[in-house]
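Scroll down for the structure; my scribbles are underneath it.
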Amino acid sequence: IVGFTAAIAPDGSAIVYSDTAGGTVRLWIKERGEAHPHPLASLRPANRAGPAFSPDGQWVVYSHEKLEKVPRQGGTPLVVSDSEAAYGSAWLGDGTIVFIAGAGNRVFAVPAAGGPTVSVLSSDTVKGRFLRVEPVPHQHAVLLGVGGTTPRVVALDLRTRQVHDVVA
């Protein structure tokens with residue numbers, strides 16, 4: 001877990017992050033062994049949250065008015081969902097991308113290839129706002145940081161939609 005604006009490739013070979021250079025917010029990638037990072041995509045200034053690598057490390061998902069993905073080597077971004085990931089995303093091994101939208105009040109899931117975006121959890125259920133999402137390796141589940149009067153981490157099983165407190 002790096003932060004809201006950065007992610008490390010699954011094999012540790014690269015870091016992707018958002019930063020401002022020359023007045024433009026961009027998504028950058030720095031490969032191990034390369035002297036300098038290179039830009040992957042331009043971002044809307046208000047959204048610097050949540051890049052994430054695909055499990056094989058070949059794609060990066062991020063938010064730019066819509067949820068988009070771009071090949072790690074660069075290229076044309078592809079829209080995954082018309083929704084925007086306001087607080088980050090997690091790309092699961094089965095090809096599902098889970099992301100937090102709106103003001104941190106909903107968690108959605110969408111196939112990485114695109115398709116229907118499905119609401120999987122509301123902030124009403126956990127009585128707090130979702131702040132970040134991380135995949136649970138080799139599971140169809142995510143960890144969610146929840147803010148509110150009692151900040152905590154919960155696990156969401158995407159098959160059953162059950163939520164369990166992990167750290168309270």
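The values are calculated or read from the model by the stated rules, or taken from the named source; none is laboratory data. Since the structure is predicted, the reported quantities are computational estimates derived from the model, not experimental observations. Quick note on the areas: whole protein, heavy atoms, side chains included, nothing else; ligands and nucleic acids left out. Shrake-Rupley method; radii C 1.70, N 1.55, O 1.52, S 1.80 Å.
When mean projected area of the Cα convex hull in nm² is calculated for this entry, the matching label among (1) 10.8; (2) 9.6; (3) 12.4 is (2). Each stretch of four or more DSSP H residues adds -39500 (n - 2.57); spread over every residue of the chain, this sum gives -500 deg cm²/dmol at 222 nm. Rolling a 1.4 Å probe across all protein chains gives residue 30 an accessible area of roughly 60 Å². Using the alpha-carbon centroid of each, what span in Å lies between segment 52-107 and segment 7-24? If we compute the Cα centre of each part, the gap is 14 Å. Relative contact order of segment 124-166, taken over Cα pairs closer than 8 Å and 6 or more residues apart, is 29 percent.
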